[in-house]
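Here the structure is laid out as structure tokens; the discussion comes afterwards.
The values are calculated or read from the model by the stated rules, or taken from the named source; none is laboratory data. All of these numbers come straight from a predicted model, not from anything done at the bench. Glycine also receives a Cβ, built like all others from the backbone with ideal geometry; neighbour counts cover every protein chain displayed. Just the protein is used for accessible areas: all its heavy atoms, side chains included, with ligands, DNA and RNA removed. Shrake-Rupley method; radii C 1.70, N 1.55, O 1.52, S 1.80 Å.
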Amino acid sequence: MEDIFHALNLGVCVVDDCGKILLWNNWIAKHSNIKEAEALNQQLEKVFTEPVSPAFLAALKNTLTYRLPVVLSTALHRAPLPLYNAHGTQQQTRMYQSITITPIQSQLSESCCLIQITDSSPSIKREKILRSHSEILKKEATTDSLTDICNRRFFDAHYEMAVADAKRRKHSLSVFMVDIDFFKSYNDYYGHMAGDNVIKLVANALKSQLSRATDIVARYGGEEFVLVMPHLPQQVAEQFAEKLRNAVLNLEIPHLKSRPFNQITISIGLYTGIPGNGDSLLNKADVALYQAKLKGRNRYISLPLCETEEYLEQ
């Protein structure tokens with residue numbers, strides 16, 4: 001029977017009710033670097049030169065006391081025993097383990113525990129790879145590939161939730177519609193690769209101004225961006241719009257077809273308010289952006305509710 005235990009491709013250890021080792025198969029000997037002769041009749045927790053996990057010792061004690069099987073969670077206890085895939089290397093990392101402790105009876109002791117150990121490293125690695133792939137796919141689904149900020153799909157979902165929360169809690173929501181001035185002229189004069197680079201630089205400049213987890217900036221389409229920020233008083237939102245304008249202005253990107261500025265600038269439409277039934281903060285911010293364009297660009301316009309409604313009717 002012992003020959004079968006030694007041939008198994010998993011660790012098999014039997015301890016008596018005092019915790020002494022009665023069986024120590026070749027698999028454990030190989031991965032612990034402790035020979036069977038050195039382990040037999042020794043206390044399990046003392047046979048190793050390194051500490052054994054307290055969770056493992058508690059599980060072993062419970063099985064011996066209450067005669068109930070225990071399976072250690074690999075998520076919580078990945079390496080309870082000092083077992084390694086290779087010994088003698090300079091940097092050794094414990095093998096990830098899956099451990100089952102089962103009460104048994106044997107000829108040597110009335111109350112024993114069978115400890116089965118398998119190498120869970122491959123499954124842990126697969127889990128990490130799958131998680132990594134999942135995170136990559138999630139990022140690709142919610143991130144604009146050119147600018148690495150939120151894409152339109154993510155924005156639409158986030159905006160709905162932000163509006164619903166603002167309605168429920170009766171707090172303000174600020175929407176900033178941002179457009180790069182004379183961008184078509186820039187593309188025509190400098191080329192599309194240069195245009196893509198400008199979009200990336202402007203996106204980074206806008207994103208760099210955000211400091212709260214509740215604030216987002218997204219590429220709304222082409223050279224247009226949108227920001228959503230809750231809990232901003234009107235005056236603070238207007239100050240922030242000016243910060244956004246200056247952040248892009250400070251990039252000092254030449255644009256000879258943009259008169260009279262001769263550099264890349266942005267126009268911003270801002271609306272701040274508590275959403276009501278039938279309200280579209282996006283539409284109101286877009287109307288404000290249109291007014292910023294009409295008034296000469298390189299500026300922000302923040303329209304009061306009555307004024308936005310007036311423009312929307314035109």
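So the values come out like this:
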read-out	value
Cα-projected label distance for E36 with T142, points at 7 Å along beta-carbon direction, nm	5.4 nm
Principal-axis tilt of helix 281-294 within the chain, Cα atoms, nearest 10 degrees	40 degrees
Choice from Y186, Y84, Y220 with maximal GNM fluctuation in the chain (Cα, 10 Å cutoff)	Y84
Accessible surface of the stretch 149-260, 1.4 Å probe, proportion on carbon and sulfur as whole %	53 percent
Candidate aspartates and glutamates for bridging to K46, where Cα separation is under 15 Å - those fewer than 8 sequence places away on the same chain excluded	D16, E36, E38
Distant-in-sequence amide H partners of L23 (H built 1.01 Å from N, under 5 Å)	V14
Cα long-axis angle, helix 54-66 against the chain (0 to 90 degrees, to the nearest 10)	50 degrees
Integer Hz, Karplus 6.51/-1.76/1.60 couplings in order for the stretch 208-220, x for Gly and Pro	5, 7, 7, 9, 10, 5, 7, 9, 9, 10, 9, 7, 7
Per residue, in Å², the accessible surface of the chain once ligands and nucleic acids are set aside, probe 1.4 Å	55 Å²
Unit charges on C-beta of K, R, D, E only; dipole of the chain, Debye	380 debye
In degrees, nearest ten, helix 192-207 long axis to first principal axis of the chain (Cα)	70 degrees
